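Chemist: Take this structure, written in structure tokens, and hold onto it; I'll ask about it next.
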């Protein structure tokens, strides 16, 4: 019997765990370690943040699903990895600390034959002083953050209804933050709700971003075949912001937040501040900050993890200038080069470099987005890692027949821009591949026939459809595996 | 009181004033149920093909 331990129960880890159990059956053990007792469908947090959904509509308890599927679930936080075991154990193990009521603070060694690290991001609010829902800005990164944001947003709406002008600052809260798409959705949804209430004359909505040009979204932008022209996503993004009455500040690295005020540096090296009544600023992401030790107890964290805490995999991490970046730098199987029974999936793997061109201000501040790996790619990577682990366990071989490089994988992003069955709207964007491949597609970096940018009611229906479909799939109900990631 | 949107869209040389804006016809087609039903299926199919074809 083999034992596979999955760290994390987000989109990637949960997908991996379900496929592992389905493929391995009762003869092997699948263990999930996650400090969160709920699964959350993160893309719908936007609707919680504008009061259109309750937190219960975007989350469900993990334990009953895992019990039904025969997966062992430990509500705990992984603290250390010992890939070689120790003097008393030949097997690799993870040291976990329980966070549930019954066993809070207790630690346990969880041995494994295969380890899938899918810990997702640590929301690094500390990297920007004053940032975060516990301090002076809001967040929609989790359902409870989004609900907290809605409570504060409601206060701003009430003030506008009383004729008091409000400034909304939405965007990235760190010079190298990613996940612009979520913040962009939130800005559009706030504008939609403001207009719906007839309050636009009392609102100044500002989009602040570390992108060099709008529409970069951490993937170096894209080109879209639209209206008889091939246009950059800059045009697409500026157009929708202007249509919704949102002005913007780009090339901005927010470095400090105080009550009602954000401080930022522009790429030209100048410093500015922007006052606000309500802000939602996405933090930088970091890895789970686990430590690793070898059999002798010597720390090997830097061997396993990159400096940001994300796990090194089969990528080329050689430092090289933007002009020398290649598609072959990106990983295909997400296997640790140091220990072949360890994998990282979703946000937990360290990308070899960005997708957006690195930019630096005259003061030496790096201001550009780091690469996104959320949603669809996270789910696909989780599935492929699970398929390869199943193959290795069942055949005893060490090859990897399943591959999912972000240089070949496409992605769709549906940016909600207003809720309502006949009045709603969303921007549907597809890119293929996710990482631009300038060798294969020298003209536009991607397959222009697979790249789409369409705005309309259909996008809203799709986002709503995906909300119900992916929650159904995550609950592992009948036929769940037939639904693609 | 004019909204920021109203003030900025006519401010010469602001980036905001250069942004492309949809025509009334474009806005109509974005909400036209028949066209949007077609797009719903067409875009879903396109996304499905991209997802399935992107990994092995």
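The values are calculated or read from the model by the stated rules, or taken from the named source; none is laboratory data. What you see is a predicted model; the values in this text were computed from it and never measured. So basically every Cβ, Gly included, is an ideal-geometry build from the backbone, and we count neighbours across all protein chains shown.
Chemist: Are there any strands (runs of 3 or more DSSP E) wholly within segment A:267-339 with 1 or more residues that are free of Cβ contacts under 8 Å to residues at least 24 places away in the same chain and in contact with a strand residue (DSSP E or B) (Cβ under 9 Å, 6 or more places away or on another chain), and if so which?
Modeler: Details: elements: A:271-275, A:278-282, A:284-286.
The strands (runs of 3 or more DSSP E) meeting that bar are A:271-275.
Chemist: Return only the number of the condition from (1) within 14 Å of chain B (Cβ to nearest Cβ); (2) closer than 23 Å to residue A:213 by Cβ; (3) in contact (Cβ under 8 Å) with a residue 40 or more places away in the chain that residue A:411 does not satisfy.
Modeler: So the condition that residue A:411 fails would be (3).
Chemist: Determine if segment A:157-164 includes at least one residue that is crowded, with 23+ Cβ neighbours inside 10 Å, touching a residue at least 12 places away in the same chain (Cβ under 8 Å) and either touching a helix residue (DSSP H, G or I) at 6+ places or on another chain (Cβ under 9 Å) or away from chain B (no Cβ under 14 Å) (or both). First the steps, then the outcome.
Modeler: Start the filter on segment A:157-164 by keeping residues that are crowded, with 23+ Cβ neighbours inside 10 Å, which leaves none.
No; the residues of segment A:157-164 include none that is crowded, with 23+ Cβ neighbours inside 10 Å, touching a residue at least 12 places away in the same chain (Cβ under 8 Å) and either touching a helix residue (DSSP H, G or I) at 6+ places or on another chain (Cβ under 9 Å) or away from chain B (no Cβ under 14 Å) (or both).
Chemist: Same structure again: State all residues of segment A:190-220 that are touching a strand residue (DSSP E or B) at 6+ places or on another chain (Cβ under 7 Å) and more than 30 Å from residue A:353 (Cα to Cα); if no residue qualifies, say none.
Modeler: A:190, A:191, A:194, A:202, A:203, A:204, A:205
Chemist: State all residues of segment A:158-169 that are part of a helix (DSSP H, G or I) and in contact with a strand residue (DSSP E or B) (Cβ under 8 Å, 6 or more places away or on another chain); if no residue qualifies, say none.
Modeler: Of segment A:158-169, the ones part of a helix (DSSP H, G or I) are A:158-161.
Within segment A:158-169, A:159, A:160 qualify.
A quick yes/no check of all residues on (1) in contact with a strand residue (DSSP E or B) (Cβ under 7 Å, 6 or more places away or on another chain); (2) within 11 Å of another protein chain (Cβ to nearest Cβ); (3) under 22 Å from residue A:9 (Cα atoms):
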position: A:368; (1), (2), (3): no, no, no
position: A:371; (1), (2), (3): no, no, yes
position: A:376; (1), (2), (3): yes, yes, yes
position: A:380; (1), (2), (3): no, yes, yes
position: A:386; (1), (2), (3): no, no, yes
position: A:392; (1), (2), (3): no, no, no
position: A:396; (1), (2), (3): no, no, no
position: A:399; (1), (2), (3): no, no, no
position: A:403; (1), (2), (3): no, yes, yes
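Chemist: Among the residues of segment A:266-288, what is the count of those that are surrounded by fewer than 16 Cβ atoms within 10 Å (Cβ to Cβ) and at negative phi?
Modeler: Kept after step one, since they are surrounded by fewer than 16 Cβ atoms within 10 Å (Cβ to Cβ), are these residues of segment A:266-288: A:268-273, A:275.
Subset that is at negative phi: A:268, A:270-273, A:275.
Final tally of qualifying residues: 6.
Chemist: Continuing with the same structure: I'd like to check something: does segment A:421-428 contain any residue that is within 27 Å of residue A:13 (Cα to Cα) and either in contact with a strand residue (DSSP E or B) (Cβ under 9 Å, 6 or more places away or on another chain) or more than 8 Å from chain B (Cβ to nearest Cβ) (or both)? Spell out how you get there, then give the answer.
Modeler: In the first step, residues of segment A:421-428 are kept if they are within 27 Å of residue A:13 (Cα to Cα); the result is A:428.
Right, trim to either in contact with a strand residue (DSSP E or B) (Cβ under 9 Å, 6 or more places away or on another chain) or more than 8 Å from chain B (Cβ to nearest Cβ) (or both) and you get A:428.
Yes, the conditions are met somewhere in segment A:421-428.
Chemist: Quick one: which residue in A:358, A:372, A:377 is modelled with pLDDT of 95 or more and at negative phi?
Modeler: On the way: A:372 fails: modelled with pLDDT of 95 or more; A:377 fails: modelled with pLDDT of 95 or more.
Exactly one of A:358, A:372, A:377 is modelled with pLDDT of 95 or more and at negative phi, namely A:358.
Chemist: Only one of (1) under 24 Å from residue A:351 (Cβ atoms); (2) free of Cβ contacts under 8 Å to residues at least 24 places away in the same chain is not met by residue A:440, so which one is it?
Modeler: With (1) under 24 Å from residue A:351 (Cβ atoms); (2) free of Cβ contacts under 8 Å to residues at least 24 places away in the same chain applied to residue A:440, the lone miss is (2).
Chemist: Of the numbered conditions (1) out of contact with any helix residue (DSSP H, G or I) (no Cβ under 8 Å at 6 or more places or on another chain); (2) facing chain B (nearest Cβ under 10 Å); (3) modelled with pLDDT of 90 or more; (4) more than 21 Å from residue B:34 (Cα to Cα), residue A:460 satisfies every one except a single condition; which is it?
Modeler: Evaluating residue A:460 over (1) out of contact with any helix residue (DSSP H, G or I) (no Cβ under 8 Å at 6 or more places or on another chain); (2) facing chain B (nearest Cβ under 10 Å); (3) modelled with pLDDT of 90 or more; (4) more than 21 Å from residue B:34 (Cα to Cα) leaves (4) as the failure.
Chemist: Just the residues that are in a helix (DSSP H, G or I), within 8 Å of another protein chain (Cβ to nearest Cβ) and under 26 Å from residue A:411 (Cα atoms), please, taken from segment B:13-32.
Modeler: B:29, B:30, B:31
Chemist: Turning to a different aspect of this structure: Of everything in segment A:340-357, what is over 25 Å from residue A:284 (Cα atoms) and assigned to a loop (DSSP other than H, G, I, E, B)? Give them in sequence order.
Modeler: At the first step, the residues of segment A:340-357 found to be over 25 Å from residue A:284 (Cα atoms) are A:340-342.
The answer is A:340, A:341.
Chemist: Further question on the same structure: Here's a check for you: in segment A:234-266, which residue that is touching a strand residue (DSSP E or B) at 6+ places or on another chain (Cβ under 6 Å) and in a loop (DSSP other than H, G, I, E, B) is farthest from residue A:141 (Cα to Cα)?
Modeler: A:251
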